[in-house]
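Everything below concerns the one structure shown next.
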Amino acid sequence: MLIPARMSEAEEQRWVRVMLDKLAAQESRRTLGDAELAERARRLSEQYFDGRARPRSVRWVTNQNTRWGSCTPSDGSIRLSHRLQGMPEYVVDYVLCHELAHLLVPGHGPRFWRLLEAYPRTERARGYLEGVVAAERLPHVPGARDE
Ligand SMILES: [Zn+2]
């Protein structure tokens, strides 16, 4: 980073913080757009379900706080909670695979989970999401997080 020469140390630190915030903002804006999400779903379907799951629309929604994803098999639409944004790719992919599988098998019976076994990181992703839910239930500890 290039820092103007005449800054005081306090100014310099403030400036660095502003730059870091900007970078962080760019980073978070790099989440997949709806079109990229649809493309990703298409690829996952090819890879794990022989392309049999064909969603007609895949998009982010912000009104879904208790579920990570949902789908409507009758119109082929898949919705992902915006809360997944910023989570590791394999977790987003898992939720996509989960909803894609629902286009083929409704409910969570043995057939459904057998289908999902095709996605190699199902267990790991489920553990991650369970951890997120568990962490949200912990009492707030002041100072445990950055401001
Ligand atoms: Zn489900």
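The values are calculated or read from the model by the stated rules, or taken from the named source; none is laboratory data. Only a predicted model underlies this, so the values are computations on that prediction, with no experimental measurement involved. Heads up, the Cβs are rebuilt from the backbone with ideal geometry, glycines too, and the neighbour counts pull from every protein chain shown.
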Given (1) away from the ligand (no atom under 16 Å from the Cβ); (2) in contact with a His (Cβ under 9 Å, 6 or more places away or on another chain); (3) of a type outside the set (Asp, Glu), index of the condition Pro120 fails: (2)
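Working carefully through the options Val95, Val58, Val91, find the one that is over 18 Å from Glu123 (Cα atoms) and among the β-branched types (Val, Ile, Thr).
Details: Val95 fails: over 18 Å from Glu123 (Cα atoms); Val91 fails: over 18 Å from Glu123 (Cα atoms).
Criteria check complete, one pass: Val58.
Can you name every residue in segment 84-110 that is within 13 Å of the ligand (Cβ to nearest atom) and surrounded by 13 or more Cβ atoms within 10 Å (Cβ to Cβ)? Walk me through how you get there before you give the answer.
Going through segment 84-110, the residues within 13 Å of the ligand (Cβ to nearest atom) turn out to be 94-109.
Correct list: Tyr94, Val95, Leu96, Cys97, His98, Glu99, Leu100, Ala101, His102, Leu103, Leu104, Val105.
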Residue within segment 103-115 that is touching a strand residue (DSSP E or B) at 6+ places or on another chain (Cβ under 7 Å) and either part of a helix (DSSP H, G or I) or more than 27 Å from Asp21 (Cα to Cα) (or both) present: yes
Evaluation of Cys97 against (1) more than 19 Å from Arg42 (Cα to Cα); (2) part of a helix (DSSP H, G or I) (one fails), failing number: (1)
Condition broken by Arg67, with the remaining ones in (1) out of contact with any helix residue (DSSP H, G or I) (no Cβ under 6 Å at 6 or more places or on another chain); (2) farther than 14 Å from Ala53 by Cβ; (3) away from the ligand (no atom under 11 Å from the Cβ) satisfied: (3)
Members of segment 24-39 that are loosely packed, with under 11 Cβ neighbours inside 10 Å and either more than 15 Å from the chain's Cα centre (by Cα) or modelled with pLDDT of 80 or more (or both): Ala24, Ala25, Gln26, Ala35
Failed item in (1) in a helix (DSSP H, G or I); (2) more than 16 Å from the ligand (Cβ to nearest atom); (3) touching a residue at least 40 places away in the same chain (Cβ under 8 Å); (4) among the small types (Gly, Ala, Ser), with Gly127 passing the rest: (3)
